Every structure is written in structure tokens, then in C-alpha cells.
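Some notes on the structure that comes next.
The values are calculated or read from the model by the stated rules, or taken from the named source; none is laboratory data. Only a predicted model underlies this, so the values are computations on that prediction, with no experimental measurement involved. Neighbour counts are summed over all protein chains in view; Cβ atoms, including those assigned to glycine, are modelled from backbone coordinates with ideal geometry.
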Amino acid sequence: MKIFKTGFTSWENRHEIFKEDIADMYMLGNETALGALDSYNDTTKGIQKLIEEAINNNTTLRALGAGWSWTKIATAGKGIMLDTKPLNAVFTISSRSVAPEYTGDTSKLVFAQCGNGIWELSEFLRNRNLSLKTSGASNGQTIAGAIGTGAHGSAFDVGGVQDFVVGLHIIVGPNRHVWLERKSYPVVSPFLLNSLQTELIQDDDLFNAALVSFGCFGIIHGVMVETEDLFLLESCMERMPIDDTLYKLMETLDFTGSALPYKDERPFHFAVFINPYDMDKGAYVTSMYKRPYTDAYTKPVRNAEGIGPGDDAPCFIGKITQAIPALVPTLVNKLLGGTLTPFSKQFGTLAETFSNTTLHGKLLSAAIGVPLHVVNRVTELLLEINKDAGPFSGLFAYRYVKKSKAMLAFTRFDPTCVIELDATFSDATYDFYKAVWKRLEEENIPFTFHWGKINELNFDRLQKMHGPSLDTWIAARNQLLDKDCLKVFTNPVMVEWGLDKVL
Ligand SMILES: Cc1cc2nc3c(=O)[nH]c(=O)nc-3n(C[C@H](O)[C@H](O)[C@H](O)COP(=O)(O)OP(=O)(O)OC[C@H]3O[C@@H](n4cnc5c(N)ncnc54)[C@H](O)[C@@H]3O)c2cc1C
């Protein structure tokens, strides 16, 4: 494995909202002189060596994906961060690598090394007439980074990125790396295990715990994903009155007789933006419908402001600058008036629809998961809080995600409405967030926090949010990692959240 020690002693996340002191940042790369499999195995050994050195030097290690998270989950405290982006090999899977009991479609299985960008993996798949099942709105994350926090879009019958993962190759120590999959859903054959020189663990709880584990379970070197045939999305966005009809839809996802372009047809994706300063003109409602792939389509076009059909608020909110409170409504209206323009019949593959790989300005983003039946009450509260603790210089966004099997996925409600609060980077936004979390707790509204977005977590809150799953997750971590490695893969934010328990 190639290791380039950058000598960096501080690291700033991609959104430039915090800087951390670190011991070093290593860029990892596959050995190019070797064949693909030998090179992958050589990297496994290289990472094990780094873990051994970390134990000997009493330092910590953390895998870094694309650095897109707003929280400090990818940092190693004063330890070493490992930039995994160049680890981007991808393998198609033949039937001899697959267990006879596997019930899925072998031709749709792909094994991807951790550093593959979502965009990069999508390109690989596109060349084979395949597609990921879902992604976030933007696609610059690495596959392991996206899985690590449970990144999601609004494919409410599909789930988040981690939900199409069926196998994890995890390096858990200097002398151990494992292939983890569900016992209830066997995937690989001894041939593949032998090729990767790894040990098989089939265990539903361990697998479900390791999926959304934000770097705490060691280094996820490769992931087996289930893909599907390439498909098109037909996207539309329109303004709809904010009335009982819309509220009902937002709280039920019952599309029977809806006012959406295809009425009763259940969309693949449904999302709503509410601008609290322009309620009279209605909400911005996006619906996307799955269509069979054909070459005869025009790729989605961006509007004059560069916003495409799949873009979410982080793609444009960064353009709002901090303003004195009285000017906030005007600024938000001005920004949205230009950037969110209704469209219809935009066709594109998943990757073409959710294609943003860049960041646009400094902003804050928080996302909470809530069950459907509280969505409208939360909206009422947000509007109330905006009067008392606002004005919030952003908008309220609603996306929907199927309940995940991942133990600590924040999409734990069946289904989950993800309410996103994207706004300017300012103390006022942090104050608004605090007021919202406090009010939700006072009203006993169940909610969870996205691990990669601004949150305010401690162990008590986590226990309320995730219940017994939290202890099972901690137990799973203790089962997979020995005491030395628990230390190597503990970072300050885990300690702050009480997830570092050694059993
Ligand atoms: C512009 C923008 C748009 C976004 N849109 C969405 C969205 O639509 N939906 C959504 O859910 N989120 C969204 N996010 C949040 C983002 O998807 C998540 O924070 C995601 O986890 C970031 O992926 P990353 O590759 O940058 O990982 P990082 O932020 O670098 O890391 C995330 C976690 O994964 C761990 N990790 C990374 N690689 C490995 C590995 N190989 N082994 C073990 N652990 C690893 C890290 O240690 C860290 O704990 C957005 C963020 C931005 C900046």
C-alpha cells in the first residue's frame, strides 16, 4: 500500500466550520504494480500495519471519507487521520464468489473499496447498465463515509445508502480482518473469503451494528452492494398550497388522488421545502417517478442559478450571508425566488439527477428523523420558534426514508420523515437549533439526529433516541474490537456521546 504522510497537523472539514489538531494525515493508495485483487489484499495488510503502529505508539486512527460531515466523527482527536479516497477499486462478482443460499441476483452484486465516491461508483455501474438504488442529494461522499452516517435521499420505499449493503470487509485489528454479513442473508462463498484471505462472521446483530458505525468499528475496507438495472427518474417540482391537503400528504405519504403530476402513482422520491417567509405562495414540492431506462432522453438541465432537479438546500443556502434579523426574510425570499424554479419532465439516471459533487459556501445543516404522525406538529413548532428565537436564515425541508435495519441509523421510524434545517453559518442558527431540540423534548416528540449533521448529543439523549439498540451497538463494538483496538478507534466526539464504553 502506498502511504503519503502529509505532515498536516490540523484538519478542517469540507464546510470549514471547524478545525481540529491532528498528529498527521496519511493519504492511502493501492499499489499499482499489482493486479487488482493482490493490490486490494496488500492494502488490507498495509492498514493492519498502521493499526499495529498506532497501538505501539499509543495513538488513535480514523478513516476519513470525503470530509463532508458537519460533526467531528471523522477526526482522530490528536491521532492520525487516513484519507481513503484513493482506495477506489471496484470488483464485479461472479457466481463462484457467491454462496449457493444467496437469494438475490448475483449479476447485480458489486464489491467496492471504501474510498469510491458515490459519483465514481455510479459511473462504474452506468457502464454496466446498472445503478445504485439510492443516494443522497449530492454525490461527493465516499461509499464508506455515506454508509457510516446513514446518508439518505428521499426514496421512501428504498431506504438510505447503508440499506443496499449486504457485506462488509472490516479491518478490526493488526491481526484480524473479517467479512461480516447477516446470518439471515448469506452472500459470499468460501472462494471469495479465500480470495480476500479473510474470516467469515455471519451475525445479524453485528452486521446491523457495523453498518452505521461512523468509523468506530475499525476500517471498513470494502463493501458488497446490491445494485439494480439502470433506470430513469422523471422529476417535477411545483409550488403547492400549504393547506390541509398537503399536510395530510406529508403526514401519511398516501398518494391516492394527490395533486402531484401523476396523481395516484406512488413516486420514487417525494420532498417538500417550506420557506417560512413566503408561505402564501405555497411549498416547493418535488416528486420523482421511476421510469425504465432508454437512451432517448435529454439529460436534466440546471436552471440559471445552476440548481438541478435533485439538488437539496445545502447546494444553495450557502449563498445567503449572515444578515441583521430584520433583513433575513427578504434575503431568504430573494435567494429562493431565483434558485428554486418549478420544472417538470426532467429525465435523468439517479446519478445524473443527484449529481452535485461540490460545496457551495459555508453553511450549517441539521437533520432530524421523526415518525410521520408528528411531522405537522413539528412544522407548527418550527414556525412558532421562528417567531420567538428566529428569524432562521434558511428553510425547512422534508424528505422521507424507509426504516433502516442498521442498528443506529437515524432513519429508525417506519417510515422516517427527515426534517432538515439548512441555514447560514452563524450563532443565530445554532441558537435556533438549540431552541428546536429543547422544544421537541418538552413536547415529548420522538426524534433522532443525523450523525453527520449539526446535532447536540449526549448519552442520555442517545438512549432516548435509540433505546436498547444503543447498548447492543456498544456490545457489538466490544465483541469485534479487542481492548487495544477499541482505544485506537475512539475519538473525542465518541467520548462526548458516551459511545466509547469498554465492557
Ligand atoms: C453538500 C452536502 C450535501 C449533503 N447531502 C446529504 C444528503 O442528501 N443526505 C444525507 O444523509 N447526508 C447528506 N450530507 C451529509 C453527508 O452525506 C454525510 O455526512 C456523509 O457521511 C459524508 O460522507 P463522507 O464520505 O464525506 O464521510 P466523512 O464525513 O469523511 O466521514 C463520515 C464517517 O464515516 C467514517 N468513515 C469514512 N470512511 C470510512 C472507512 N473506510 N471505514 C470506517 N469508517 C469510515 C468516518 O470516520 C466518519 O466517522 C451532505 C453533506 C454535504 C456537505
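Count of the range 365-374 residues, restricted to those that are more than 10 Å from the ligand (Cβ to nearest atom) and touching a Leu at 6+ places or on another chain (Cβ under 8 Å), is 3.
Filtered by the rule that a residue be surrounded by 13 or more Cβ atoms within 10 Å (Cβ to Cβ), within 16 Å of the ligand (Cβ to nearest atom) and part of a loop (DSSP other than H, G, I, E, B), the range 7-34 gives F8, N13, R14, H15, I17, I22, A23, N30.
Within the range 149-187, the set of residues being small (G, A, S), outside any strand (DSSP E or B), out of contact with any Lys or Arg (no Cβ under 6 Å at 6 or more places or on another chain) and within 15 Å of the ligand (Cβ to nearest atom) comprises G150, A151, G153, A155. Restricting the range 459-488 to residues that are in contact with a Ser or Thr (Cβ under 9 Å, 6 or more places away or on another chain) and more than 19 Å from M407 (Cα to Cα) leaves a set whose member that is surrounded by the fewest Cβ atoms within 10 Å (Cβ to Cβ) is K487.
Among the residues of the range 348-364, what is the count of those that are crowded, with 21+ Cβ neighbours inside 10 Å and touching a Phe, Trp or Tyr at 6+ places or on another chain (Cβ under 6 Å)? The number of residues fulfilling the criteria is 2. Condition test on E228, is it touching a His at 6+ places or on another chain (Cβ under 8 Å), away from the ligand (no atom under 16 Å from the Cβ) and more than 30 Å from N175 (Cα to Cα)? Against the criterion (touching a His at 6+ places or on another chain (Cβ under 8 Å), away from the ligand (no atom under 16 Å from the Cβ) and more than 30 Å from N175 (Cα to Cα)), E228 does not qualify. Only one entry in G115, G104 is under 18 Å from S213 (Cα atoms) and not polar (S, T, N, Q), namely G115.
Exactly one residue out of P309, P276 is crowded, with 17+ Cβ neighbours inside 10 Å, more than 25 Å from the chain's Cα centre (by Cα) and closer than 19 Å to R399 by Cβ, and it is P276. Considering the range 124-148, and only residues there that are in contact with a helix residue (DSSP H, G or I) (Cβ under 7 Å, 6 or more places away or on another chain) and assigned to a helix (DSSP H, G or I), the residue that is farthest from the ligand (Cβ to nearest atom) turns out to be R126. For the range 355-394, enumerate the residues that are under 27 Å from L233 (Cα atoms) and either hydroxyl-bearing (S, T, Y) or at pLDDT below 95 (or both). If the condition is that a residue be under 27 Å from L233 (Cα atoms) and either hydroxyl-bearing (S, T, Y) or at pLDDT below 95 (or both), then S355, N356, T357, T358, L359, H360, S365 are the ones that fit. Among the candidates L192, L200, L196, the residue that is within 16 Å of the ligand (Cβ to nearest atom) and in the same structural domain as L480 (by TED's automatic domain parsing) is uniquely L196.
Summed over the range 353-392, the residues that are more than 19 Å from F432 (Cα to Cα), touching a helix residue (DSSP H, G or I) at 6+ places or on another chain (Cβ under 9 Å) and assigned to a helix (DSSP H, G or I) give a count of 3. Within the range 222-249, the set of residues being surrounded by 18 or more Cβ atoms within 10 Å (Cβ to Cβ), more than 22 Å from the chain's Cα centre (by Cα) and not in a strand (DSSP E or B) comprises I242, L246, L249.
Every residue in the range 448-457 that is more than 13 Å from L408 (Cα to Cα) and surrounded by 15 or more Cβ atoms within 10 Å (Cβ to Cβ), please. The answer is K453, I454, N455, L457. Residue pairs whose Cβ atoms lie under 6 Å apart, separated by 6 or more positions or on different chains, with the first residue in the range 296-314 and in contact (Cβ under 8 Å) with a residue 24 or more places away in the chain and the second surrounded by fewer than 16 Cβ atoms within 10 Å (Cβ to Cβ), are N303/T341; E305/G338; G308/R302. Residue count for the range 194-214, restricted to those that are within 18 Å of V161 (Cα to Cα) and assigned to a loop (DSSP other than H, G, I, E, B): 3. I'd like to know if the range 492-500 contains one or more residues that are part of a loop (DSSP other than H, G, I, E, B), of a type in the set (V, I, T), touching a residue at least 24 places away in the same chain (Cβ under 8 Å) and buried (at least 18 other Cβ atoms within 10 Å of the Cβ). Checked the range 492-500: no residue is part of a loop (DSSP other than H, G, I, E, B), of a type in the set (V, I, T), touching a residue at least 24 places away in the same chain (Cβ under 8 Å) and buried (at least 18 other Cβ atoms within 10 Å of the Cβ).
Looking across the range 396-453 at every residue that is touching a strand residue (DSSP E or B) at 6+ places or on another chain (Cβ under 8 Å) and acidic (D, E), the one that is farthest from the ligand (Cβ to nearest atom) is identified as D414.
Looking across the range 63-94, the residues that are closer than 18 Å to C216 by Cβ, in contact with a Cys (Cβ under 9 Å, 6 or more places away or on another chain) and surrounded by 24 or more Cβ atoms within 10 Å (Cβ to Cβ) come down to A63, G65, T84.
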